[in-house]
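Let me begin by presenting the structure, written as structure tokens, before commenting on it.
The values are calculated or read from the model by the stated rules, or taken from the named source; none is laboratory data. Predicted model, so just to flag it, every value in this text is computed and none were measured. With ideal geometry, Cβ positions are generated from the backbone for all residues, glycine too; neighbour counts draw on all protein chains shown. Ligands, DNA and RNA are excluded from the accessible area calculation, which covers all protein heavy atoms including side chains. Shrake-Rupley method; radii C 1.70, N 1.55, O 1.52, S 1.80 Å.
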Amino acid sequence: MAKVIVIGAGLAGLASAVRLAKLGHQVTICEQAEHLGGVLGRVEADGFSWDAGAASTTLPAALRDLFRKSGRPIDSLVELEPVTEPRRHMFVDGSVLDLPITERGLQQEAWADLAGEKVAEQWTTLVDGYGETWQILRNTSLEPPIEDKLPIKAIRQLKPWQSLEKVAQRELSDDRARAVLRHFAAQGGSDAKLTPGYVGVWSYLERTFGRWTIEGGFGALADALVQRASERKITVRTCSEVVAVTTTDGAVTGVRLAEGTDLSAEIVVSDIDPRVLYGRLVDDPAAKKARKRVLSTHQAQAAYVVHLGLKDPVPDLPFETVLHGSPTVVVRTGGTAPTGHHAWSVLVHGYPTDDVLDLLVARGLHIRDKVVSRHTSPSWWAGVAWEGYRTARRRASNVSSVKGLYCVGAGAHPGSGVPATTLGAAIVADAIGKA
């Protein structure tokens, strides 16, 4: 049995903690805030409730595996529900596409109705091709720790030097189809011109595995993980800021808290910004190369999020609507509201120069006089911005060069988002192994 300290209790930190506790380790969570869950929380006011961060995910097997490997199945705590409504895309030319999330044939029909058979075939062929990309990424990067050097065959198939923008321009002849593909970069806070083309694999994952939400909102996922942590007898220290990871001869010995307490540990798992970890908390010489690599990255642009409580009548929107343009605006309608009202979350991807309501009105959603409640989510750590394909190597490795130090979360391999951060926690648990 090893003493493990997990710094930060976001999704990745909680996922790592419960997995390691199930493997027999003695786990302590140190969380700077008063509450656990990070951005997997709720904003509640005036009888409305909105997800503060994620509201849906693809690749539900990652969550199911997390709960199965830490105790009882996920269904014993929360209910995963498929998003059955198409994602609506509203384009700058005024056209609208209701694109089914799953069902290859239905996607092709939707594109054919909007842009003709040629564009429909182009989109279908592109997404089909990402199936092979998924298998390569899954076997070399997403489930195991990223390999030091990928096989030449995998590199040739992934073509990491080709940007998502280049793929969009080459494979799709319709500007609206290109905008939909670019959105997979924008939703992660990156520029399609600097994002590898293989990131479009998320289009394949959604079509193949669907998109899923949780009854009661994603805040219920945080509640379930907190409950699982309690079941696994994990020690939780909230309002406990870690100011240093202590080391001796290239190996961790524990952490130091802001109030001066030293906690001993053989293993430290970090779920904080790796630039903070290596830039401020770790000064061991063994971290020199990792520090240089991580500090060369830049933060992805977090979405500016405004939660709106609206009174009837409002436009009838599906679970998610993407308003293309500059900036891209996403409207989520999955919050809970009193009778006769609706709870929308508006995410602005880009630099907002206008008020959110002005942006919505300009895109055709006239709801200014319907607002009865308005709240803003605090910005959250959105991970690392793509700055070319080499960014994948500059993210923090899950296994550090400092013995006993591990990294998970949005800034670490394999990246941000619910599926990626959950997979990162699985990689770390497998690397540490049983007590």
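Which residue, of Ala392, Ala435, is within 16 Å of the chain's Cα centre (by Cα), at pLDDT below 95 and farther than 23 Å from Trp212 by Cα? Quick ask: steps written out before the conclusion?
Working: Ala435 fails: within 16 Å of the chain's Cα centre (by Cα).
When all the criteria are applied, what remains is Ala392.
Being part of a loop (DSSP other than H, G, I, E, B) and either surrounded by 18 or more Cβ atoms within 10 Å (Cβ to Cβ) or within 24 Å of the chain's Cα centre (by Cα) (or both) is the filter here, so list the residues in the range 44-55 that pass it. Even if it seems obvious, please write down each step before you answer.
The initial filter retains those residues of the range 44-55 that are part of a loop (DSSP other than H, G, I, E, B), namely 46-47, 52-55.
Ala52, Gly53, Ala54, Ala55, listed by residue number.
Can you tell which of Arg88, Arg72 is of a type in the set (Lys, Arg) and part of a loop (DSSP other than H, G, I, E, B)?
Details: Arg88 fails: part of a loop (DSSP other than H, G, I, E, B).
Answer to the check: Arg72.
Of the residues in the range 161-198, how many are touching a residue at least 40 places away in the same chain (Cβ under 8 Å), under 20 Å from the mean Cα position of the chain (by Cα) and not in a loop (DSSP other than H, G, I, E, B)?
The number of residues fulfilling the criteria is 7.
Among the residues of the range 276-286, count how many are crowded, with 22+ Cβ neighbours inside 10 Å and either within 30 Å of Leu359 (Cα to Cα) or touching a Leu at 6+ places or on another chain (Cβ under 8 Å) (or both).
Qualifying residue count for the region: 2.
Looking at (1) out of contact with any Leu (no Cβ under 8 Å at 6 or more places or on another chain); (2) more than 26 Å from Pro82 (Cα to Cα); (3) buried (at least 20 other Cβ atoms within 10 Å of the Cβ), which one does Val322 not meet, given that it meets all the others?
(2)
Being buried (at least 24 other Cβ atoms within 10 Å of the Cβ) and in a loop (DSSP other than H, G, I, E, B) is the filter; apply it to the range 399-412 and report the residue that is nearest to the chain's Cα centre (by Cα). If you could, list the steps in order and put the result at the bottom.
Start the filter on the range 399-412 by keeping residues that are buried (at least 24 other Cβ atoms within 10 Å of the Cβ), which leaves 400, 405-412.
Then drop every residue that is not in a loop (DSSP other than H, G, I, E, B), which leaves 400, 408-411.
Details: Ser400: 22, Val408: 12, Gly409: 9, Ala410: 7, Gly411: 10 Å.
Among those residues, the one meeting the criterion is Ala410.
Being surrounded by 15 or more Cβ atoms within 10 Å (Cβ to Cβ) and hydroxyl-bearing (Ser, Thr, Tyr) is the filter here; which residues of the range 236-275 pass it?
Ser240, Thr246, Thr247, Thr253, Ser270
For Leu150, are the conditions met, namely being touching a residue at least 60 places away in the same chain (Cβ under 8 Å) and either touching an Asp or Glu at 6+ places or on another chain (Cβ under 7 Å) or farther than 30 Å from Glu109 by Cβ (or both)? Explain how you work it out, then say what you get.
Values: touching a residue at least 60 places away in the same chain (Cβ under 8 Å): no; either touching an Asp or Glu at 6+ places or on another chain (Cβ under 7 Å) or farther than 30 Å from Glu109 by Cβ (or both): yes.
In short, no.
Inside the range 56-69, can you point out the residues that are closer than 30 Å to Ala179 by Cβ and not in a loop (DSSP other than H, G, I, E, B)?
We begin by selecting, within the range 56-69, every residue closer than 30 Å to Ala179 by Cβ; these are 56-63.
Result: Thr57, Ala61, Ala62, Leu63.
Just one of (1) open to solvent by 30 Å² or more (accessible area, probe 1.4 Å); (2) modelled with pLDDT of 95 or more; (3) part of a helix (DSSP H, G or I) trips up Lys153, so point out which.
All conditions are met except number (2).
Looking at this structure, is Trp202 of a type in the set (A, V, I, L, M, F, W, C) and either more than 30 Å from Leu164 (Cα to Cα) or touching a Leu at 6+ places or on another chain (Cβ under 8 Å) (or both)? Spell out how you get there, then give the answer.
Working: of a type in the set (A, V, I, L, M, F, W, C): yes; either more than 30 Å from Leu164 (Cα to Cα) or touching a Leu at 6+ places or on another chain (Cβ under 8 Å) (or both): no.
No; evaluated as a whole, the condition is false for this residue.
Where residues in the range 23-43 are in a strand (DSSP E or B) and in contact with a Gly (Cβ under 9 Å, 6 or more places away or on another chain), which of them is farthest from Val408 (Cα to Cα)? Let's see the steps before the verdict.
Taking the range 23-43 first, the residues in a strand (DSSP E or B) are 26-30, 42-43.
Cutting the leftovers down to in contact with a Gly (Cβ under 9 Å, 6 or more places away or on another chain) gives us 29-30, 42-43.
Working: Ile29: 14, Cys30: 15, Arg42: 23, Val43: 25 Å.
Result: Val43.
Within the group His307, His324, which residue is touching a Lys or Arg at 6+ places or on another chain (Cβ under 8 Å), over 23 Å from Val96 (Cα atoms) and in contact (Cβ under 8 Å) with a residue 60 or more places away in the chain? Steps first, answer last, please.
On the way: His324 fails: over 23 Å from Val96 (Cα atoms).
Testing whether each residue is touching a Lys or Arg at 6+ places or on another chain (Cβ under 8 Å), over 23 Å from Val96 (Cα atoms) and in contact (Cβ under 8 Å) with a residue 60 or more places away in the chain leaves just His307.
Tell me, yes or no, whether the range 286-295 has at least one residue that is touching a helix residue (DSSP H, G or I) at 6+ places or on another chain (Cβ under 6 Å) and of a type outside the set (A, V, I, L, M, F, W, C).
yes
Tell me which of these Ser373 doesn't satisfy, since it passes every other one: (1) among the hydroxyl-bearing types (Ser, Thr, Tyr); (2) surrounded by fewer than 17 Cβ atoms within 10 Å (Cβ to Cβ); (3) closer than 30 Å to Thr333 by Cα.
(2)
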